[in-house]
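Some notes on the structure that comes next.
The values are calculated or read from the model by the stated rules, or taken from the named source; none is laboratory data. Just so it is clear, the structure is predicted and the values come from calculations on it, not from any experiment. Positions of Cβ are generated from backbone atoms using ideal geometry, with glycine treated the same way; all protein chains shown enter the neighbour counts. These accessible areas exclude ligands, DNA and RNA; they are computed on the full protein's heavy atoms, side chains included. Shrake-Rupley method; radii C 1.70, N 1.55, O 1.52, S 1.80 Å.
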Amino acid sequence: MDIQSTKIELINWITKVNDIQIIKALKSIKDDKAGHGKRQFGSGKHLISKIADDFNAPLDQFKDYLK
């Protein structure tokens with residue numbers, strides 16, 4: 001199934017939806033994707049739990065370039 005036929009299938013399904021909760025959920029998904037490009041300072045604090053002690057150490061793969 002290609003992307004265009006999937007889009008058409010989804011559009012046909014959405015037009016038949018009468019449940020307000022499903023419609024609100026779909027709108028929420030759409031709104032989240034629309035604001036996806038907006039960055040918020042500090043929103044990724046919880047993503048990094050530990051940084052290695054040698055994080056800033058030179059990588060062995062680049063030692064030829066560091067001479």
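Points worth noting:
- Of all the numbered requirements in (1) loosely packed, with under 10 Cβ neighbours inside 10 Å; (2) modelled with pLDDT of 90 or more; (3) not aliphatic (A, V, I, L, M), Ser49 misses one, and that requirement is (2).
- Of note, Asp64 satisfies the criterion of being among the acidic types (Asp, Glu) and open to solvent by 100 Å² or more (accessible area, probe 1.4 Å).
- Pick from the range 1-25, criterion open to solvent by 80 Å² or more (accessible area, probe 1.4 Å) and not in a helix (DSSP H, G or I), ranking: modelled with the lowest pLDDT: Met1
- Test: Ser28 is surrounded by 10 or more Cβ atoms within 10 Å (Cβ to Cβ) and not basic (Lys, Arg): yes
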